[in-house]
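Trainee: Before I ask anything, let me first share the structure, which is written out below as structure tokens.
The values are calculated or read from the model by the stated rules, or taken from the named source; none is laboratory data. This is a predicted model, so every value here is computed, not measured. All Cβ positions, even for glycine, are placed from backbone atoms using ideal geometry, and neighbour counts span all protein chains on display. Quick note on the areas: whole protein, heavy atoms, side chains included, nothing else; ligands and nucleic acids left out. Shrake-Rupley method; radii C 1.70, N 1.55, O 1.52, S 1.80 Å.
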Amino acid sequence: MNLGIRVDTRIKENLKKYQKQLLRLQELDAKEAPTEKIAMDMLCDVFGYDLEHVFGQYGNNGRSCDAVIKDDKKVFYVFECKRIGTDKKDFNKHIRQVIEYCATLNVPWGILTNGAYWQLYYVDIKAQPVTAELIWDFDVLELSHRQAAHRELLLPLCREAIAKRLKEGILEEKRALSVENIARVLFSDEVLKAISGVLRRKVGARVDVDTLEAKIRELCPNLPENIRGFRAPKKKDKPTQPEIKVVTMAKEGANKELNGENPMEATK
């Protein structure tokens, strides 16, 4: 994950400064308004947005979120900020607000933060009901501005990441690596046949794919039981053609005699 030296330098120079401000807010147990002010300043100084991209108290139908990040044509993020003292465990209580604002504004991406802890959500605004999926999070106060790996955690929320579709890539990877998809691949014909082939070459054992799947499920009990692998449909047996017998009357009579029937009596 890389957005260039300029972005990395900006994060490095500003991260430590805002960590000090956030720690001060924690000491004061600051309310939502000063927390929101610091968080919105971070959007500009750390994440690279210009002031004209951040619109406070944005909304319609009588409801407004704390801010949105947008250009002249499109809203990219709904932004909702809570007071610095909001515990991470309590963030689930505030997701409903993000979902409602995203649905109202027809925006699929939402940011929820208390200034220190940041969450990025994908909101499926077309679903019924509308759902939110957490795809990225980090705690600014747990990061070191000196470590590149820590600075990279902030990249998905940066202005430069929008054009790179970085968040979309994270969402696609997260879904690809879901337990369900891993199970489907693991139990696919290709994988099971490959494992069977390795077993045959290495230990000389021939194991059919159904037996192998059952054993893997036994070894991995946490895999969903109802998930079936990407398996090719089994070939259906060709329907058998009805047997056609051409017999003479004499043979037909003989057959009836063999079955305990008297053909002469049947013709009377």
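Trainee: Across segment 171-177, in residue order, what do the Karplus-derived ³J(HN,Hα) couplings come to in whole Hz, using 6.51 cos²θ - 1.76 cosθ + 1.60 with θ = phi - 60° and x for Gly and Pro?
Mentor: Once rounded to whole Hz, the list reads 4, 4, 5, 4, 5, 4, 8.
Trainee: Continuing with the same structure: Sorted from largest down, give the three principal axis spans of the alpha carbons of segment 6-69, whole angstrom values.
Mentor: Between the extreme Cα coordinates on each principal axis of segment 6-69 lie 40, 33, 11 Å.
Trainee: Using only the alpha carbons of segment 41-93, what is the convex hull's orientation-averaged projected area in square nanometres?
Mentor: Orientation-averaged projected area of the Cα hull: 4.8 nm².
Trainee: Using a 1.4 Å probe, how large is the accessible area of E100, given in Å² and rounded to the nearest 10?
Mentor: That residue has around 70 Å² of solvent-accessible surface.
Trainee: Estimate the FRET efficiency between M1 and K37 by the formula 1/(1 + (r/R0)^6), using the beta-carbon distance for r and 41 Å for R0, to the nearest 0.05. Provide the component values of the computation, followed by the final result.
Mentor: Working: r = 29 Å, r/R0 = 0.71.
Efficiency, rounded to the nearest 0.05: 0.90.
Trainee: Also, I was wondering about something else. Amide H neighbours of S188 under 5 Å, at least 5 residues apart or on other chains, H built in the peptide plane: list them.
Mentor: Close amide H contacts, sequence-distant or interchain: F230.
Trainee: Next up: On the full set of protein chains, 1.4 Å probe, figure out the accessible area of T86 and give it in Å² to the nearest 10.
Mentor: 20
Trainee: Go through S178, S188 and list them by solvent-accessible area, largest first, probe radius 1.4 Å.
Mentor: Numbers: S178 30, S188 5 Å².
Putting S178, S188 in descending order of accessible area: S178, S188.
Trainee: Between Y77 and residues 5 or more places away or on another chain, which pairs have amide H atoms under 5 Å apart, with H built 1.01 Å from N, and which residues are they?
Mentor: I69
Trainee: Quick one: accessible surface of F76, probe radius 1.4 Å, all protein chains present, in square angstrom to the nearest 10.
Mentor: The accessible area of F76 comes to roughly 40 Å².
Trainee: Would you mind getting me the FRET efficiency between E27 and A163? Use the beta-carbon distance for r and R0 = 35 Å, nearest 0.05.
Mentor: After rounding, the FRET efficiency stands at 0.35.
Trainee: FRET efficiency for V179 and R146, Cβ-Cβ distance as r, R0 = 45 Å, nearest 0.05?
Mentor: Between V179 and R146 the formula returns 0.80.
Trainee: Residue-wise, which Karplus ³J(HN,Hα) couplings in Hz belong to segment 9-14, taking 6.51 cos²θ - 1.76 cosθ + 1.60, θ = phi - 60°, and x for glycine or proline?
Mentor: Result, ordered by residue: 5, 4, 5, 4, 6, 9 Hz.
Trainee: Among K31/K70; K37/K174; K93/K164; K74/K126, which pairs are too far apart, with a Cα-Cα distance over 28 Å?
Mentor: K37/K174; K93/K164
Trainee: Can you list residues from other chains, or at least 5 along the same chain, whose modelled amide H is less than 5 Å from the amide H of Y58?
Mentor: C65, A67, V68
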